[in-house]
Structures are given as C-alpha cells and as structure tokens.
Amino acid sequence: ARSWSDLFKDFIKQRLGRKRDAVIDSGVRESTIARLLDDVEWRILRYQPDVVILSPGGADFSDEPETRQSVREALTKLIEFLHERNCAVIVCTPPAVELAEVASSPGIEATAHIIRSVAGETGALLVDHHDRWLRTLNQPGFKLKLFQPDGLRPSRDGHSKLVRQLLRSLGLIESDRTD
C-alpha cells in the first residue's frame, strides 16, 4: 500500500507536472517531534526544503501533562527554527481513531489540540485531519474502512483521504464530497 506522502508526490509530479520537485519522506517510525528537532539538520535541512510538512505520530501522544508540554515546546521550537530558515511549514493533526480504539491511543485528542494551538501561534498552515476524520467517522451509514485492522494506522483508503485533505488545504483540489 502507498502512503499519503507517496500519493502526494505522485500528485505533484503527475497532476501538476512538477517533475523536478523532490518530495522526501524523512519520517522515522516511533520517532517524536523532540527527536526530530534534535536531528533536524540531517533529517530535513540537508535537503534545503522550501516546504516542510510535519505530521506528529503516535510516539507523541500522551495523557501525561509533562509529555504534552514537552511536545508543545518541541513543536513550537521546530516550526520557529524552520521559519528562520525560510521554510514554509505545514503541520497536520493526526487522524482521529475509531471510538473502539481510543484506549489504544491515549492523548490523541490532547495532541490534536496542541498542534492546532501551536499552528495558530507560529503561523504554520494547519491541516486538521483529526477534526475532519471525527466528522467523517460520525456520519450515519459511513462504511469506508479508513484504518488497518489494528484500528490505529490508516488503511489504503485512509491514506487517500489524508492526501485529499492536504491537497484541499493547499488549494490544489476542490471537492464537493465530504471526505
């Protein structure tokens, strides 16, 4: 299955015809925003990006106030650091998980709130997947499988939904659908 970053790269190169643009996914499974900040030169800046998309993952989700505060501080520092280097920053909230899986992903609501807040404070563009997925999952009769069997990681359809919302947020596509 192809990830949202693969689908985004395809759109940039094929639909926009920007064949020389590079889309680099420097994500590391189970990494955190704090670790990314510590390793920003290697994982991001060596590519001299014009735009950086930050999508905090499960390792940043916590119900612990100290952990949430450290995520807030690291995300703020990272965005400000990237802005100082003339990088436009897009920050994405995590997709909401299905109600049955909330216990498996503590702090996802709090993390989404932190990301929204930091985006507003720093001027980063916000793509609020969390809010959109909550509305989608609560639609009567909604049947699309947005998650893999673990109920936490996006499925193929979930990755498609993530990239469509990103593209809409950037003004690259329009849609009448409520996906």
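All of the numbers you see were taken from the coordinates with simple rules; none came from a lab. Being a predicted model, the structure only gives us computed values, none of them experimental. Neighbour counts run over all protein chains shown; Cβ positions are idealised from the backbone, glycine included.
For region 119-177 versus region 25-70, the inter-centroid distance based on Cα atoms is 20 Å.
Using only side-chain charges placed at the Cβ, +1 for Lys and Arg and -1 for Asp and Glu, the dipole size of the chain relative to its Cα centre rounds to 920 debye. With springs connecting C-alpha atoms under 10 Å apart, model the chain as a Gaussian network and identify which of Ser155, Ser62, Ser26 has the largest mean-square fluctuation. Checking each option, the largest mean-square fluctuation is seen for Ser26.
Helical runs (DSSP H, four residues minimum) scored at -39500 (n - 2.57) apiece and divided by the length of the chain put the mean residue ellipticity at 222 nm at -12500 deg cm²/dmol.
Extension gain for Glu30-Arg18 works out to 1.2 nm (0.36 nm per residue, less the C-alpha to C-alpha distance). R0 = 30 Å: FRET efficiency of Lys145 with Arg116, Cβ-based, nearest 0.05? Plugging the Cβ-Cβ distance into 1/(1 + (r/R0)^6) gives 0.70. Close amide-amide hydrogen proximity is noted between Val52 and Ala88, Val89, Ile90, each under 5 Å apart and 5 or more residues distant or on a separate chain (H modeled in the peptide plane; Pro and chain starts excluded). The stretch between Ala88 and Ser155, if pulled fully straight at 0.36 nm per residue, gains 21.3 nm over its current Cα-Cα span. By definition, a body whose alpha carbon gyration tensor gives a ≥ b ≥ c is oblate when a/c is 1.5 or more and a/b is not larger than b/c, and the chain fits this oblate description. Based on C-alpha pairs under 8 angstrom that are at least 6 apart in sequence, region 1-139 has a relative contact order of 22 percent. Near Leu45, once Lys and Arg are set to +1 and Asp and Glu to -1 for all other residues with Cβ below 13 Å from its Cβ, the sum equals -2. Length available on full extension from Leu170 to Ser3: 0.36 nm per residue minus the Cα-Cα distance, which gives 58.3 nm.
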